[in-house]
Amino acid sequence: QVQLVESGGGWVQGGGSLRLSCAASGSIFRVNDMAWYRQTPGKQRDLVATITSDYTTNYADSMEGRFTISRDNANNTVYLQMNSLKPEDTAVYYCYARIMSASQWGTYEYNAWGQGTQVTVSS
């Protein structure tokens, strides 16, 4: 059906920057909300930031001012620019999209997730 492919993770020193990308492809009529989540071992997956199809953004408190979410609707891609990274930002980052697909019976929506990309910030 739909694939979300993430890229841009890696290792960076504290205070550095990384930019994550996530492209949705497949049977897509429209991509509605998109978001980034992150997860560390043994903990739940936490919201980092969201962006609607009309570019309204929302951030978790600890990320606001350091992280910026953006999207390219023409290419069904969402980005996360991460600046002033801290060791506590180390996690697997997951892309999320609310996908609308079309069939002969009409449209339907569902959630899609990327495979995750590791971000490691050293002190």
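The values are calculated or read from the model by the stated rules, or taken from the named source; none is laboratory data. None of the values given here were measured: they were computed from a predicted structure. Note: ideal-geometry Cβ built from the backbone for every residue, glycine included; neighbour counts use all protein chains shown. Just the protein is used for accessible areas: all its heavy atoms, side chains included, with ligands, DNA and RNA removed. Shrake-Rupley method; radii C 1.70, N 1.55, O 1.52, S 1.80 Å.
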When the residues of the stretch 8-54 are narrowed to those that are part of a strand (DSSP E or B) and basic (Lys, Arg), which ends up least open to solvent (accessible area, probe 1.4 Å)? Arg38
Which of (1) of a type in the set (D, E, K, R); (2) in contact (Cβ under 8 Å) with a residue 24 or more places away in the chain; (3) open to solvent by 50 Å² or more (accessible area, probe 1.4 Å) does Asp61 not meet, given it meets every other one? (2)
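Condition test on Asn111, is it surrounded by fewer than 14 Cβ atoms within 10 Å (Cβ to Cβ) and farther than 21 Å from Gln3 by Cα? Write out each step before concluding.
Working: surrounded by fewer than 14 Cβ atoms within 10 Å (Cβ to Cβ): yes; farther than 21 Å from Gln3 by Cα: no.
Judged against the criteria, Asn111 is not a match.
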Enumerate the pairs (first residue in the stretch 27-43 and free of Cβ contacts under 8 Å to residues at least 12 places away in the same chain; second residue anywhere and of a type outside the set (Gly, Ala, Ser)) with beta-carbon separation below 6 Å, excluding pairs fewer than 6 apart on the same chain, so at least 6 apart or on different chains. none
Taking the stretch 46-73 and keeping only residues that are among the hydroxyl-bearing types (Ser, Thr, Tyr) and modelled with pLDDT of 95 or more, one is left with Thr50, Thr52, Ser53, Tyr55, Thr56, Thr57, Tyr59, Thr68, Ser70
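Okay, residues lined up against (1) in contact with an Asp or Glu (Cβ under 9 Å, 6 or more places away or on another chain); (2) hydrophobic (A, V, I, L, M, F, W, C); (3) over 15 Å from Trp36 (Cβ atoms); (4) in a strand (DSSP E or B):
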{"site": "Ser62", "(1), (2), (3), (4)": "yes, no, no, no"}
{"site": "Ile69", "(1), (2), (3), (4)": "no, yes, no, yes"}
{"site": "Val78", "(1), (2), (3), (4)": "yes, yes, no, yes"}
{"site": "Tyr94", "(1), (2), (3), (4)": "yes, no, no, yes"}
{"site": "Gln115", "(1), (2), (3), (4)": "yes, no, no, no"}
Can you tell me which residue within the stretch 64-87, out of those that are open to solvent by 60 Å² or more (accessible area, probe 1.4 Å) and free of Cβ contacts under 8 Å to residues at least 24 places away in the same chain, is nearest to the chain's Cα centre (by Cα)? Thr68
